[in-house]
Every structure is written in structure tokens, then in C-alpha cells.
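All remarks here apply to the structure that follows.
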Amino acid sequence: LSHHVRVKGAFFAAIASCVLFRKENQPSNMAAAGGSRATIEPVVVDMSRDAAELRILICAAIQKAPPMFAVTNYGFEDKFVKVIGDMRRHYSLEQHTHGDARCVSLALTELEGGKIESELHDDLRKLTMRICDLVMGQEFSQKLDLQQQQMGGALSLRFYPKRSAESSEESSNLLGAHVDGNFMTMLWSDARGLQVPDPSAPIDHNDVAGVGIPTVGTGGVSEMLDQHWADVVVPPGSLLVTIGQGWFQSPAALLGPQVPCPTLHRVSIDGDMPNDRHSFPFLARIESS
């Protein structure tokens, strides 16, 4: 950890030795064998805990590849489910089928004159800054103020219509492999779908650093097969936090712990998808104030 984190040796050793990866019976050729996909369970950060403990957990999580962690007890969990109901009625989402699109991005600005979008956006922005202050102290906020910058971001609902298991393998990949260009992403989702490289994937952090948007790049990334991707599993209602390329062009690169690379990920669902999938990505970015 960086010099900003001060912990007792025994406690740090216990935290740093935590296991982030868990595989579930993944055969060498998963698709052919019909086995289950590997899963990765990120460190879970309970925001109701002591600040010193939170700092340790978050710093340890983002110094590993892929850098990510899940957040619980953040204070506005119930808002997402309510917004989904409002959005489904407003956009008549019951009428959408898989044939329309694999992923539909919908703006929240039309709900109650933009009030709901504004409130949820502000909640997520404040949570982003709270995490930054935990990791880097008040110096991060001070740096932004001196540079006349502030934390902003974009929020939308991603709607993935349900589909049958008869769909082709190609259609199961709902969003190609990429890294986000923004500072940090917070993702709420009501179903599995987000995947990151499995620990056995032929890729390292240098390969990931060269990946762009929206599909895979060159080197080790292009050599990845479907079985090299693992489902990310987080507690229901939690927010998954991942690191984008913008982190490395911000004060966080100097003030925070050494993060090896952005978080390479994709959205893909194996087999049957009997229910629609909804996700709220908040693409946090540093903007001029």
C-alpha cells in the first residue's frame, strides 16, 4: 500500500492475504464439456465500517488485476429498483424483444423532469468522492479544487432484453471486451453478465493497459478464448467499482496506491436469459468546475 495507509503489520497481513478468486469446476474446454463458467468474487467493502478498515480493503483490491471491489451499505440501495419500474413503464420496455437490440441505453432525464436522474447522479458522485477521500485523503479533493475541477459523470440505464438458449454464441456477447475511458465506474445490476479475465487467461496488466473501446485490442487480449472469461459475482444490491483509463491521468495516479491497469471487462451471458437484465453504469469522470 502507499504511504497514505498506516496499519498494524498483523492486521495488514491478514487483509492482504485475502483470496479474490474462486473457480467453480471449470474444465479446460468449458464450451465443449458443458461445464460451469469460472467466477470471481471481488472484495466486498461495507461502507458502514470504520474508515481505516475501508481504506485497507479498497487499496488492497485496486492494487490487484483486475482492479475492482463491491460496495454494500452505501445508503441508497432502494432507489435503483424503483427507477427500473419507472423506466420500464415510461419506455414501454415490455414490448422490446431480443430481435430489437442486444443492449439498449436509456436516459433517465425524462423521469419527473430530470429530478430522479439528478438525485441518483448526485448520490453516486458523492459516493465516488467518499471512496477517493478514503483512499487518498483530503489531498485529492484539494488537488481538484486547485485545478478548478470536480467529480462528475454520466448515468444511464442499460437494458438487455431476455433471450432463449437457442441464441448463437455470438449473440451471447452483449457488449465487447473493453476498458472504460473515464476515471472510475460504479455498476448496479440485477443479474450476472459482467465478466473479467480469468486468472488463467493469457494476458497481463501491460496487455490490458493497451486495450481500447469498444472491442478487444492486440497482443494477449486478442488471444483470449471464451473460457478465459469469468463471471463477476457480487452481493445483490451492491455496486461494483472498477477503474478506468482516466484514473491514470488524474491526481489519483500520484496520490493513490499503484494500480496496475484499468479493468478489462465485457458483458456476456451463457445459455438461457429468461428475464430482462437491467444495469446502471455510472461513468465517473473529472470535469472542469
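Here segment 41-179 is treated as an ellipsoid with the same Cα gyration tensor; its semi-axes, largest first and in whole Å, are 33, 21, 15. What residues from segment 65-94 fall in the zone where the backbone N is under 17 Å from a label point 7 Å along the Cα-to-C-beta line of residue 109? The answer is 91, whose backbone nitrogens lie closer than 17 Å to the label point. Taking GluC sites (Glu not before Pro) across segment 104-206, the ones in a DSSP loop with at most 15 further Cβ atoms lying within 10 angstrom of their Cβ are 110, 166.
With both labels modelled 7 Å from their Cα along Cα-to-Cβ, the residue 129 to residue 149 distance reads 1.5 nm. Taking amide H as placed 1.01 Å from N in the peptide plane, residue 177 has its amide H under 5 Å from the amide H of 216, each at least 5 places away in sequence or on another chain. Residue-wise, which Karplus ³J(HN,Hα) couplings in Hz belong to segment 257-263, taking 6.51 cos²θ - 1.76 cosθ + 1.60, θ = phi - 60°, and x for glycine or proline? Using θ = phi - 60°, the values come out as x, 6, 8, x, 5, x, 8 Hz.
Any of 79/162; 82/143; 64/162 with alpha carbons more than 27 Å apart? Name them for me. Among 79/162; 82/143; 64/162, the Cα-Cα distance tops 27 Å for 82/143; 64/162. The Cα atoms of segment 104-163 cover 46, 29, 16 Å along the three principal axes, with the biggest extent listed first. Amide H contacts of residue 44 (H built 1.01 Å from N, in plane; Pro and chain starts excluded): 70 sit under 5 Å, all sequence-distant by 5 or more or on other chains. Rounded to the nearest Hz, the phi-derived 3J(HN,Hα) couplings of segment 132-145 under the Karplus curve 6.51 cos²θ - 1.76 cosθ + 1.60 (θ = phi - 60°) are 4, 5, 5, 7, 10, x, 5, 4, 5, 4, 5, 4, 4, 4, where x marks glycine and proline.
Each residue of segment 102-111 was assigned a 3J(HN,Hα) from its phi angle through the Karplus expression (A = 6.51, B = -1.76, C = 1.60, θ = phi - 60°), giving 7, 8, 10, 9, 10, 7, 8, 5, 7, 7 Hz with x at Gly and Pro.
Taken together, the values in this text are just the output of simple stated rules run on the coordinates, not laboratory data. Predicted, not measured: the structure shown is a model, and the values here were computed from it. Every residue, glycine among them, receives a Cβ derived from its backbone with ideal geometry; neighbour counts consider all protein chains shown.
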